[in-house]
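The values are calculated or read from the model by the stated rules, or taken from the named source; none is laboratory data. The structure presented is a predicted model; accordingly, all values stated were derived computationally and were not measured. As a convention, Cβ positions derive from the backbone with ideal geometry for all residues, glycine included, and neighbour counts pool all protein chains shown. Just so you know, the surface numbers come from the protein's heavy atoms only, side chains and all, with ligands and any DNA or RNA stripped out. Shrake-Rupley method; radii C 1.70, N 1.55, O 1.52, S 1.80 Å.
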Amino acid sequence: HAGWPHLVINSVWLMAFGSVVARRIGSVRFLFLFALSAIGAALFHFVTHMNDVMPVIGASGAVAGIMASAIRFVFQPGESLSGFSLDMSGSYHAPSLPLLKTFQDRRTLRFILLWLAINLLTGLAGIPLGLGEGSIAWEAHLGGFFTGLVAFSWIDPPIKEVPAGFV
């Protein structure tokens, strides 16, 4: 990674968003989504840096994919980002937004735009801001984010029963 601050930030994002996604889709699907997001991140970085010889390491793109998956459902009525409780009774059962609705929903769109702005700022100005010793592969973050955003539709198990309060 590009230094300890980058690693800490990724760990906090993974803890906050990964816990709710893992509870919703289960550990096997979570690991598959994480790996798929990592592949999407690596591919997008490769496409944007075909002539670079500098290797890219880290799980930032995969973490971004998990974050994008979470926003498909965490902003729905009755849901929360309170994935830190120790019991399994968390909601995480609201139907996820269809992909196009994700870009029409004000809450998710604000989150996406804020995430893009932060990602571009840290990616383009990470070294001057002290966020790492090397450049941050912000393009990999984008690739992972959009992979997770799209792939979640295929990985999210269908909701069998809509709990009261979600209609």
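Accessible surface comparison of T108, T147, probe 1.4 Å, protein chains only, largest first: the order is T147, T108. With 0.36 nm allotted per residue and the present C-alpha distance subtracted, the M15-V28 stretch has 3.0 nm of extension available.
Count Lys and Arg as plus one, Asp and Glu as minus one, and take only other residues whose Cβ is under 11 Å from that of F46; the net charge is then -2.
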